[in-house]
Every structure is written in structure tokens, then in C-alpha cells.
Amino acid sequence: FCFVRVHSLFFMGMGVLCILSLIALQFINKLLNDRVILIGASFFMAVGFGFNWPVHGTQPDGKPYWPPVYAFMTGCVLTSLGYSSGCAVLLAIYSKVLEGLDQGAFMGWFSAACSMARIIGPLAASYIINYDATARWLWGGVAILLFLSGIVALVGYAQLQPQCEKDQEGTAIN
């Protein structure tokens, strides 16, 4: 890729958008619970990756057709919104579900797994792009996995609920 100033400004804008989405998450969290936000973030990311799915076929010069710029930007915006809010909410849900267990150790394992994904993901992506220059398998596979993670979160909706805490009168509070 040949990055020019416009590209760097676009990606800088994505970073600012992620920060703004985390600020907005404070207000959205008052309207919706963490589980609904997690499911919505998964579907946002799946749709974002779906926008960037390469079009089938090739141009006369043999290069693959890629989505238009507006589709790429829309996909990046949706993915950035879903990723930043999804990561924050997933950490919150995980720590709430752990409650009395050794949170330090479990959160360490969770962070280590996330770090490994950040290492293995780009390596796997570069291998797939070298194998298939259109990266249909890469974009489609990630979109399908994100969609399935949203479905799994829907199916396991009740299990994502943290244990109820009890106040002094014995009434359950969430």
C-alpha cells in the first residue's frame, strides 16, 4: 500500500472515533445492559467486515475488484465502533462473571489470549492474502466468525449475567 496524508488522516480519525465511542458507551450503558451492547458490537463488526468483502471476478488486467471507497470507509467505521465498545464491554462482563474468583489470574489469562490473537491474527491474514490475493476467505471468514460470536452471545445470554448481589435485607440487586 502507498499511504499518503489522506490515508493517515483517515486512520487517525478512526482512532478518534474509537475514543468517542468509548465516551458514548458511558451513556449507552445506562440505557442498555452490557450483554446487549456486546451482541450489538459483534454484529456491527460483522457488518463492517462484510462491507469490505471483495467483489467476485477480476478486472481485465487480472486484478481483483475491490469494494468502492465509500464501502471501505463505512466498513472501517462500523468495525471501529464495534471493536472499541465490544472490547470494553467484554472485559466488564468477564470481570463481573468472575466475581469472587481470583480475578488477577483470570484477567491475566484473558489478556494473554487477546495478545496472542493480536500476534497470530496478522500472521494468519498475511498467509491467507498470499494464498488468495482477493482475500475473500479472510474478510468472509472474519465476518462469519463475528456473526457467529453474536449468535453464541445470544444463545448464552443468561449465562453472561453476573451473580446477583444481595443487599442487607436479602433483596437481589444487579
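Of everything listed in (1) in a helix (DSSP H, G or I); (2) modelled with pLDDT of 80 or more, the single unmet condition for Tyr157 is (1).
In this structure, Ala135 qualifies as hydrophobic (A, V, I, L, M, F, W, C) and over 27 Å from Ile19 (Cβ atoms).
Tally the residues that are open to solvent by 60 Å² or more (accessible area, probe 1.4 Å) and part of a helix (DSSP H, G or I), restricting the search to region 127-150.
9
Among the residues of region 14-26, which ones are within 18 Å of Phe72 (Cα to Cα) and open to solvent by 30 Å² or more (accessible area, probe 1.4 Å)?
Filtering region 14-26 for residues within 18 Å of Phe72 (Cα to Cα) gives 14-18.
Residues satisfying the conditions are Gly15, Val16, Leu17, Cys18.
Within region 69-108, being in contact with a helix residue (DSSP H, G or I) (Cβ under 9 Å, 6 or more places away or on another chain), open to solvent by less than 70 Å² (accessible area, probe 1.4 Å) and of a type outside the set (A, V, I, L, M, F, W, C) holds for Thr74, Gly75, Thr79, Ser80, Gly82, Ser84, Ser85, Gly86, Tyr94, Ser95, Gln103.
The values are calculated or read from the model by the stated rules, or taken from the named source; none is laboratory data. Not measured: the values here are computed from a predicted model. Virtual Cβ from ideal backbone geometry, glycine too; neighbours counted across all protein chains shown. SASA here: full protein model, heavy atoms, side chains in, ligands and nucleic acids out. Shrake-Rupley method; radii C 1.70, N 1.55, O 1.52, S 1.80 Å.
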